[in-house]
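Peer 1: Pasting a structure below so you can have a look.
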Amino acid sequence: MSELERMSTHRTHHTEPSPCPKCGKMMDAATALGTVDGRAPEPRPGDVSLCAYCGEILCFDGDVRLQCAKDEDLASFHPTDVAKLRLLSTTIKQNGEQKGVSL
C-alpha cells in the first residue's frame, strides 16, 4: 500500500449516505485533515466539509447530516482556514466547469 493510500485510509471516515444539499450527489465519507490516534475522527456537529462534486461548502448539523454552510457556521474558524476552504471550493467548481459539468 502506498503512503497516499495509507494516509487516505486512515483519514477517511465512512458516514451514513447523505445527499449534498446543493447538487444532490450522494456522499458517504468524510476525509479529515488530520488524525486522532492514527484514525480519522468522526464528523461532529459544526464540522465543515466540501462537496467533492460541486464544491459547495457544507456543515454537519446537529444530526451529523450535511447542510449548506452559512457565514455564521464559519465564524469560529480562523480567517486563513476559511480562505483556504473557499479557494478549494472555487477550484472544485472551476474544474467541474472546465469538464463541461453543469453545477
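The values are calculated or read from the model by the stated rules, or taken from the named source; none is laboratory data. Everything numeric here is computed off the predicted structure, so don't read it as measured data. Every residue, glycine among them, receives a Cβ derived from its backbone with ideal geometry; neighbour counts consider all protein chains shown.
Peer 1: Look through segment 87-103, keep the residues that are of a type outside the set (S, T, N, Q) and touching a Leu at 6+ places or on another chain (Cβ under 9 Å), and return whichever of them is modelled with the lowest pLDDT.
Peer 2: The residue in question is Glu97.
Peer 1: Next up: Which residues, counting only those in segment 1-55, are assigned to a loop (DSSP other than H, G, I, E, B), touching a Ser or Thr at 6+ places or on another chain (Cβ under 7 Å) and modelled with pLDDT of 90 or more?
Peer 2: Gly55
Peer 1: What pairs come up if the first residue lies in segment 55-72 and is touching a residue at least 12 places away in the same chain (Cβ under 8 Å), the second is in a strand (DSSP E or B) and among the acidic types (Asp, Glu), and their beta carbons are under 9 Å apart, counting only those six or more places apart or on different chains?
Peer 2: Val64/Glu16; Arg65/Glu16
Peer 1: Suppose we filter segment 56-84 for residues that are polar (S, T, N, Q) and either exposed (fewer than 12 other Cβ atoms within 10 Å of the Cβ) or assigned to a helix (DSSP H, G or I) (or both); how many remain?
Peer 2: 2
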